Amino acid sequence: MVDAWQSAMDHAVAVARKAGQVVREALSEDMKVTTKSCSVDLVTLTDQKVEQLIIQSVKEKFSNHRFIGEESVASGEPCVLTEAPTWIIDPIDGTTNFVHAFPFVAVSIGFSVNKQVEFGVVYSCLDDKMFTARKGKGAFCNGEPLQVSDQTDIKQAIIATEFGSSRAPETVDKIFCSLRNILSIPVHGVRGAGTAAINMCLVASGCVEAYYEIGIHVWDVAAASVIVSEAGGVLMDVEGGEVDLMSRRIVAANSKTVAERLVREIASFQPIRDDAPPLKE
Ligand code: LIP
């Protein structure tokens with residue numbers, strides 16, 4: 001099976017590059033922006049077009065593989081992770097950035113087998129950075145090895161996070177409570193690129209010590225999760241303990257020390273899981 005997964009990974013890199021080209025071209029065209037779960041959860045025709053491009057090209061080569069894609073799930077496909085080889089796709093991570101031409105946008109393709117992410121490809125397509133990792137084989141950016149920061153003192157750290165796309169007052173309160181706690185440690189700074197996948201690649205690259213967010217989806221983080229681990233980082237739930245990619249909560253850090261210190265400051269809550277059964281009308 002080793003070679004089979006390698007050829008899947010090579011395909012993921014090739015199709016991510018092609019998808020990135022479509023995203024770049026679309027930036028200069030007229031965008032049709034609509035909304036999904038709420039008025040700040042944006043989607044464009046390019047998100048849908050790129051997801052179809054990726055799925056079609058994978059189907060031609062790997063006809064028995066399964067898919068979890070952001071836009072397919074939005075249109076009613078189930079979001080269920082089985083033991084089967086599964087491509088977990090976010091065609092544009094950072095759709096809000098894309099709509100505003102804020103320059104951090106990624107195509108994110110994770111691949112899981114037996115519910116474990118086997119490889120991840122995150123193509124930061126506006127600056128042409130191809131982040132890749134395969135389980136047990138290291139993490140790379142444009143072929144150069146990645147290594148997390150060795151800073152374990154959180155007071156010397158930069159922490160990345162996002163405001164997400166929920167504007168429910170109780171969620172916003174929790175977000176600001178966490179931010180206040182973390183800034184008061186104090187840390188060197190708090191940053192956010194506007195895409196979970198790129199934030200996690202920044203952890204893998206050693207530029208920021210940790211990233212956390214509640215409200216992300218499996219397609220935002222699956223690919224980057226293996227990139228962080230293979231760069232020497234750790235993944236954790238926001239309350240400590242093992243991360244569950246369907247739980248919509250994640251801490252990705254350079255070390256257990258930073259991750260454990262960070263979770264003490266996060267005001268946690270549980271959004272509806274990605275694999276929750278659909279609500280009855
Ligand atoms: C977005 C993330 C962003 C996060 C949002 C959303 P999208 O993904 O990457 O960092 O804050 O909640 O999930 O919708 O652009 O693919």
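Let me check I have the definition right: for segment 2-145, take the eigenvalues of the Cα gyration tensor, multiply each by 5, take square roots. What are those semi-axes in whole Å, largest first?
25, 19, 13
In whole angstrom, how far apart do the alpha carbon centroids of segment 262-278 and segment 1-46 sit?
26 Å
Evaluate the Debye formula for segment 31-96 with equal point scatterers sitting on the alpha carbons, no solvent, and hand back log10 of I(q)/I(0) at q = 0.14, 0.15, 0.22, 0.29 Å⁻¹, in q order, two decimals.
-0.43, -0.49, -0.94, -1.35
Given labels modelled 7 Å from the Cα in the Cβ direction, how far is it in nm from ARG167 to ASP128?
Using points 7 Å along Cα→Cβ, the separation is 3.8 nm.
Give a quick list of trypsin sites (Lys or Arg not before Pro) in segment 1-60 that DSSP marks as loop, anything other than H, G, I, E or B, with at most 15 other Cβ atoms within 10 Å.
LYS32
Viscosity 1.002 mPa s, temperature 20 °C: give me the Stokes-Einstein translational D for segment 154-263 in µm²/s, with Rh taken as the Kirkwood radius over C-alpha pairs.
So the translational diffusion coefficient is about 158 µm²/s.
Can you tell me the relative contact order of the chain? Whole percent, Cα pairs under 8 Å, sequence separation 6 or more.
16 percent
When Lys and Arg each count +1 and Asp and Glu each count -1, what net charge do the other residues less than 10 Å away from PRO271, Cβ to Cβ, add up to?
Charge balance in the 10 Å sphere: +2.
Students often get this wrong: which residues of segment 147-185 have the backbone nitrogen under 17 Å from the point 7 angstrom along Cα-to-C-beta of ALA267?
161-185
Taking H as built 1.01 Å from N, whose amide H comes closer than 5 Å to the amide H of GLY69, not counting residues under 5 places away?
ILE89
Let me cross-check GLU77: its accessible surface, 1.4 Å probe, with only protein heavy atoms counted, in Å² to the nearest 10?
GLU77 has an accessible surface of roughly 110 Å² with all protein chains in place.
Using a 10 angstrom cutoff on alpha carbons, build the Gaussian network for the chain and name the most mobile of PHE269, PHE119, PHE98.
Per the Cα network of the chain with a 10 Å cutoff, PHE269 tops the list.
Which value, in debye to the nearest 20, describes the size of the charge dipole of the chain about its Cα centre when Lys and Arg Cβ atoms bear +1, Asp and Glu Cβ atoms bear -1, and nothing else is charged?
That gives the chain a dipole magnitude of about 140 debye.
Using 0.36 nm per residue of separation minus the Cα-Cα distance, give me the extension gain between GLN56 and GLU77 in nm, one decimal.
6.0 nm
Jot down the radius of gyration and Dmax of the chain, Cα atoms only, both in angstrom.
17.6, 52
Using the structure shown, list the pairs from LYS135/LYS256; LYS36/LYS129; LYS36/LYS61 with a Cα-Cα distance above 26 Å, or answer none.
From LYS135/LYS256; LYS36/LYS129; LYS36/LYS61, over 26 Å: LYS36/LYS129; LYS36/LYS61.
Any idea what the relative contact order of segment 128-281 is, in percent, if you count C-alpha pairs under 8 Å spaced at least 6 apart?
27 percent
So what's the back-of-envelope 222 nm ellipticity for the chain, counting only DSSP H runs of four-plus at -39500 (n - 2.57) apiece and dividing by all residues, rounded to 500?
Calculated mean residue ellipticity at 222 nm is -11000 deg cm²/dmol.
The values are calculated or read from the model by the stated rules, or taken from the named source; none is laboratory data. In this text, all values refer to a predicted model and were calculated from it rather than measured experimentally. Cβ sites come from the backbone with ideal geometry, for glycine too, and all protein chains shown count toward neighbours. Quick note on the areas: whole protein, heavy atoms, side chains included, nothing else; ligands and nucleic acids left out. Shrake-Rupley method; radii C 1.70, N 1.55, O 1.52, S 1.80 Å.
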